[in-house]
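The values are calculated or read from the model by the stated rules, or taken from the named source; none is laboratory data. The structure presented is a predicted model; accordingly, all values stated were derived computationally and were not measured. Neighbour counts are summed over all protein chains in view; Cβ atoms, including those assigned to glycine, are modelled from backbone coordinates with ideal geometry. For the accessible areas, the whole protein counts, side chains as well, though only heavy atoms, and no ligand, DNA or RNA atoms are used. Shrake-Rupley method; radii C 1.70, N 1.55, O 1.52, S 1.80 Å.
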Amino acid sequence: DQGGRITFLPGNKGFILMSDKDGWDQMYLHNPDGSLKNKISSGEHWSTKIEYIDSEKNIIYFTSRKENSTRFDLFRVDFDGKNQQRLTFGDYTHSADLSPNGSYFITRYSNATTPDRLALVSNKGKIVAELGDSKGPDFETVKIAKTEIIRVISEDGLYQLPIRITWPMNFDPSKKYPVMINIYGGPNAGTVRDGW
């Protein structure tokens with residue numbers, strides 16, 4: 001089960017344990033006897049999920065909300081914790097599907113102002129080809145309500161909380177409007193997403 005709390009490696013190489021014991025979602029490599037070999041991932045990862053394990057090259061590909069809490073990215077890291085790298089690009093949230101051997105991935109990416117696009121990317125993070133853009137030729141002729149992501153400081157001053165706002169069409173700042181709010185659901189709920 002790749003992406004579960006414990007992922008066993010083939011060839012009796014041990015297992016990968018997913019834990020938030022340091023306050024963030026991290027991966028730890030354990031020997032077959034259960035002893036800790038080393039910490040694999042580093043940084044402020046949320047919603048970490050293993051997408052693919054290359055047990056021959058000792059590389060893990062995983063998705064996480066690290067760079068920005070409102071966006072998902074694809075990363076790679078060696079089993080020994082070295083060479084952690086973001087493979088996705090730009091200020092977008094990504095949904096990546098890896099090829100069977102992990103050499104390439106297709107990402108569907110967008111943000112609050114950019115409709116979904118599709119790209120083929122190498123496992124080095126190089127865009128090989130743009131495959132599609134849902135923003136068709138008539139897009140500019142359609143009037144769409146403005147949506148944006150903003151941040152507000154928490155009452156204790158410790159956090160920049162994300163808010164996704166969709167403004168009324170023909171918004172007039174001098175007028176009052178009714179507001180509908182979808183409240184954040186708790187730790188790691190990730191209800192504010194910077195995507196189309």
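What the table shows:
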read-out: Of residues in region 115-130 being more than 16 Å from residue 73 (Cα to Cα) and either in contact with a Lys or Arg (Cβ under 8 Å, 6 or more places away or on another chain) or not in a strand (DSSP E or B) (or both), the one least open to solvent (accessible area, probe 1.4 Å); value: 115
read-out: Candidate set: region 135-174, residues that are in a loop (DSSP other than H, G, I, E, B) and of a type in the set (A, V, I, L, M, F, W, C); chosen: the one farthest from the chain's Cα centre (by Cα); value: 171
read-out: Residue among 36, 17 that alone is loosely packed, with under 14 Cβ neighbours inside 10 Å, of a type in the set (A, V, I, L, M, F, W, C) and over 29 Å from residue 119 (Cα atoms); value: 36
read-out: Unmet requirement for residue 133, which otherwise passes all of (1) in contact with a Ser or Thr (Cβ under 7 Å, 6 or more places away or on another chain); (2) farther than 30 Å from residue 78 by Cβ; (3) surrounded by 12 or more Cβ atoms within 10 Å (Cβ to Cβ); (4) free of Cβ contacts under 8 Å to residues at least 60 places away in the same chain; value: (1)
read-out: The one condition in (1) touching a residue at least 24 places away in the same chain (Cβ under 8 Å); (2) farther than 23 Å from residue 106 by Cα; (3) out of contact with any strand residue (DSSP E or B) (no Cβ under 7 Å at 6 or more places or on another chain); (4) not hydrophobic (A, V, I, L, M, F, W, C) that residue 38 fails to fulfil; value: (3)
read-out: Unmet criterion (only one of (1) under 30 Å from residue 39 (Cβ atoms); (2) open to solvent by 30 Å² or more (accessible area, probe 1.4 Å)) for residue 96; value: (2)
read-out: Selection count, region 155-180, where residues are under 22 Å from residue 193 (Cα atoms) and surrounded by 10 or more Cβ atoms within 10 Å (Cβ to Cβ); value: 10
read-out: Unique match (being within 30 Å of residue 57 (Cβ to Cβ) and polar (S, T, N, Q)) among 170, 123; value: 123
